[in-house]
Structures are given as C-alpha cells and as structure tokens.
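Notes follow once the structure below has been shown.
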Amino acid sequence: MKALVWHGTADIRCDTVPDPTIEDGRDAIIKVTSCAICGSDLHLYDHFMPGMKSGDIMGHETMGEVVEVGRDNTALKVGDRIVVPFTIICGQCEQCKRGNFSVCERSNRNKKLAEAAFGHTTAGLFGYTHLTGGYAGGQAEYLRVPFADATHIKVPKGIPDEKLLFLSDIFPTGWQAAVQCDIQPEDNVAIWGCGPVGQMAIRSAILLGAKRVIAIDRVPERLTMARAGGAETIDLTEESNVVARLNDMTDGKGPEKCIDSVGMEAHATTSLDAIYDRAKQAVMLESDRPHVLRQMIMVCRPAGVLSIPGVYGGLIDKIPFGAAMNKGLTFRMGQTHVNRWSDDLLRRIEEGQIDPSFVITHTVGLEQGPEMYRTFRDKQDGCIKVMIRP
C-alpha cells in the first residue's frame with residue numbers, strides 16, 4: 001500500500017509499504033477513506049519530539065471502512081464505517097473506566113520508554129513516536145486498529161467524511177480545551193493559536209456560552225477564520241505586547257480563561273524570551289518554546305484557569321511559577337480523552353450545531369502529502385488544514 005513515511009527531519013515520503021495484517025483478536029483493518037495532517041504532526045516533521053524512527057508511518061486523524069475483523073472483536077463487522085480516535089484505548093483498565101482514555105494503562109506497547117520519559121505510561125497513539133507505542137499511523141491506504149473493539153467511533157452513512165473526520169482529534173481536542181475552562185456566562189476566554197485546534201476551541205467556547213472569545217495569531221487567513229467563528233482577534237504582526245492588549249480589552253482584569261492551542265513551537269521572534277528559547281533549543285538545553293505559557297500566566301485573571309491542549313514534549317525554562325501560585329491559577333492539560341466526548345459531538349454535528357469541515361483549506365491525494373507537509377508547516381497558500389484522500 002501507499003503511505004506517508006517519516007525518514008528524518010523535514011523528510012516525509014510517499015512510499016510503498018507492506019499492507020497491515022491482523023495481529024490480535026481485538027484488531028480490525030480499515031480501508032482509509034480520509035485522513036488529515038495535524039499540527040502536532042509538525043512536531044514530528046521538525047523532529048522536536050523524540051522517539052521517531054526512519055520508516056514510521058505518519059498520521060493520527062483517520063476514518064474509513066472496516067474490511068477485516070479479528071476473531072475476538074464482536075463490536076465491529078466488515079462494512080462498518082468508523083472514525084478512529086488518535087488515542088488507542090483498551091476500554092477495560094481503571095483509567096479507561098474513569099473516562100481518562102488518553103492515559104489508558106494497557107495500549108502503549110512501549111511502556112518502559114514512556115515511564116522513563118513521563119514517570120508513568122500514557123496511552124498508545126497512532127503515528128506518534130515510539131514513546132507512545134510506535135504504532136503505524138493512518139496517512140495510508142489501510143490501517144490496523146489495535147483494540148479496535150474499543151478504539152472506534154461508529155458513524156452513520158450519508159454524512160460526508162469532511163464533517164466527521166475531525167472527531168478523531170481536533171474537534172474533541174478543541175472541545176476538551178474549552179470544557180476544561182469551566183466556562184461561565186460572564187467569562188472572557190483568550191485563545192492563543194488559530195490553527196485547527198484553536199479554531200475548534202473558539203467555536204467550542206462559544207457553544208459553551210462564553211461571553212467573549214479573543215483569539216491571538218499572526219497569520220491573516222487564520223485570523224479571518226477566527227473572526228468568522230465569532231472571535232475578536234489580536235494580530236501578532238501589529239501588536240507587540242499581547243499581555244497589555246488583553247488587559248486593555250478586559251478593563252485591566254485579564255481574561256478569566258486562557259487556552260494554549262500552540263504548544264511547544266511557539267513563534268514570537270522579537271521578544272527577549274523568544275530569542276532566549278530559540279538559543280537554548282538550538283544547543284539542546286531546552287526542548288520546547290513556552291512563550292505562550294508565560295504570557296497566559298501573566299495575563300490570566302487571578303483565580304482563573306489555564307487550559308493546555310497544545311502539545312509539549314519535554315523541558316521548558318523560565319516559567320513564572322511564582323506568579324501562577326500567588327494568583328491561584330488552575331492548570332488543566334493533557335492529550336484528549338476522545339471517546340469521552342464523541343457521542344455528544346457526533347450529535348451536535350448531526351443536529352447542525354457545528355460543521356467541522358469549515359477548517360479544511362486543501363484536499364489532496366497521498367502522493368501530494370510530502371509537499372503539503374511543507375506548505376502546512378510554512379503556512380503558505382492560506383493553508384490551515386489539509387485533508388488527504390488516499
């Protein structure tokens with residue numbers, strides 16, 4: 001089959017690789033009908049996340065049709081149409097029973113690596129480093145789904161892939177980011193990053209009743225899309241002091257809720273702390289650039305909430321933790337518990353409350369995938385979200 005394969009920093013190729021096969025009785029194989037490039041794939045593309053190996057198949061936003069089912073899998077049958085959550089879940093461990101699916105205790109087949117890096121294992125993830133299991137991803141013609149009797153979202157026929165695909169990751173990720181804020185009717189919600197997750201967070205915050213959403217980015221197309229979703233915007237190319245601007249917009253109080261939809265590769269080229277981060281990262285003394293985290297801590301209203309769906313992979317420096325402690329801020333973060341939210345979000349799609357396909361700007365075949373990684377990374381041609389049709 002054809003698949004997008006990682007070969008090193010900024011080196012993704014469309015290769016011919018062996019077809020997947022059933023390896024366990026709970027498995028399923030799907031024929032991929034749609035997949036996508038996620039912003040967190042860029043952390044692998046740029047090689048900021050450790051644990052990648054040449055030959056790894058990329059991708060963790062995938063849906064398709066079941067074409068083969070393991071002997072112990074009674075939840076699925078050939079012909080079922082499913083969205084595949086990016087988190088692989090057993091559905092049986094203590095964490096899964098509590099709904100904490102992204103920290104499933106069984107699905108990471110490289111538990112020792114995860115324990116060494118994180119202190120404890122987290123869930124296995126599709127197409128995302130050997131720290132999270134080294135599973136083949138879904139930017140391919142076919143995908144093996146481990147623990148498929150639990151790791152799936154059945155979706156009805158008749159709704160196009162474009163509306164359903166993002167149940168795999170960015171829609172529930174943006175939703176969880178907003179839910180973690182415990183949004184109240186009088187809240188100002190500030191969202192850093194207007195990429196795909198930020199766009200979903202904007203719309204989720206509005207659906208959950210935020211009085212006001214303020215979105216921060218530097219890419220014109222992203223800012224336009226954010227305004228279309230109901231947000232006010234701050235353009236980083238025009239505003240050098242985001243903290244001061246947010247305080248001005250909130251009568252000096254600061255936003256009650258802050259969401260980091262950027263993560264480890266924050267871009268802020270002119271500020272002193274950003275220059276410091278890039279220098280430390282260049283000599284491998286810091287893995288992540290936490291510019292957004294610093295801003296959120298300093299501007300968030302005392303007793304407020306910081307929600308962090310943006311991916312971080314290792315060590316960060318110069319965090320004003322004293323400010324966070326003395327202001328009584330609450331941090332909520334983590335990979336997304338996709339299946340906790342999927343039933344509700346599918347219902348909202350079916351009822352027309354939201355159509356996640358608004359975020360798609362480019363649709364290509366697998367062969368164009370490597371080029372689109374570069375376009376997406378460099379934010380060229382108005383690229384916000386790439387959908388791939390194998």
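The values are calculated or read from the model by the stated rules, or taken from the named source; none is laboratory data. Computed from a predicted structure; not experimentally measured. Cβ sites come from the backbone with ideal geometry, for glycine too, and all protein chains shown count toward neighbours. Ligands, DNA and RNA are stripped out before the accessible areas are found, and what is left, the full protein with its side chains, is counted by its heavy atoms. Shrake-Rupley method; radii C 1.70, N 1.55, O 1.52, S 1.80 Å.
See the values below:
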item: Complete set of residues in region 296-317 that are assigned to a loop (DSSP other than H, G, I, E, B) and under 25 Å from Thr121 (Cα atoms); result: Pro309, Gly310, Val311, Tyr312, Gly313, Gly314, Leu315, Ile316, Asp317
item: Residue check for Ile159: more than 13 Å from the chain's Cα centre (by Cα), buried (at least 21 other Cβ atoms within 10 Å of the Cβ) and over 19 Å from Thr87 (Cα atoms); result: no
item: Residue check for Glu256: in the same structural domain as Arg294 (by the TED database) and either in contact (Cβ under 8 Å) with a residue 60 or more places away in the chain or open to solvent by less than 20 Å² (accessible area, probe 1.4 Å) (or both); result: yes
item: Conditions (1) farther than 19 Å from Gln353 by Cβ; (2) among the β-branched types (Val, Ile, Thr); (3) modelled with pLDDT of 95 or more; number of the one not met by Ile206; result: (1)
item: Lys31, sole failed condition from (1) over 26 Å from Lys163 (Cβ atoms); (2) assigned to a strand (DSSP E or B); result: (1)
item: Among residues of region 25-66, those that are of a type in the set (D, E, K, R) and either open to solvent by less than 50 Å² (accessible area, probe 1.4 Å) or out of contact with any strand residue (DSSP E or B) (no Cβ under 9 Å at 6 or more places or on another chain) (or both), counted; result: 6
item: Thr336 vs. criteria open to solvent by less than 20 Å² (accessible area, probe 1.4 Å) and touching a residue at least 40 places away in the same chain (Cβ under 8 Å); result: yes
item: Filter result (under 15 Å from Ala201 (Cβ atoms) and small (Gly, Ala, Ser)) within region 222-242; result: Ala226, Ala228, Gly229, Gly230, Ala231
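One line per residue, one yes/no per condition, for (1) more than 17 Å from His337 (Cα to Cα); (2) buried (at least 22 other Cβ atoms within 10 Å of the Cβ); (3) free of Cβ contacts under 8 Å to residues at least 24 places away in the same chain:
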site: Asp72; (1), (2), (3): yes, no, no
site: Ile88; (1), (2), (3): no, yes, no
site: Gly91; (1), (2), (3): no, no, no
site: Asn100; (1), (2), (3): no, no, no
site: Glu105; (1), (2), (3): no, no, yes
site: Asn110; (1), (2), (3): yes, no, no
site: Gly124; (1), (2), (3): no, yes, no
site: Gly138; (1), (2), (3): yes, yes, no
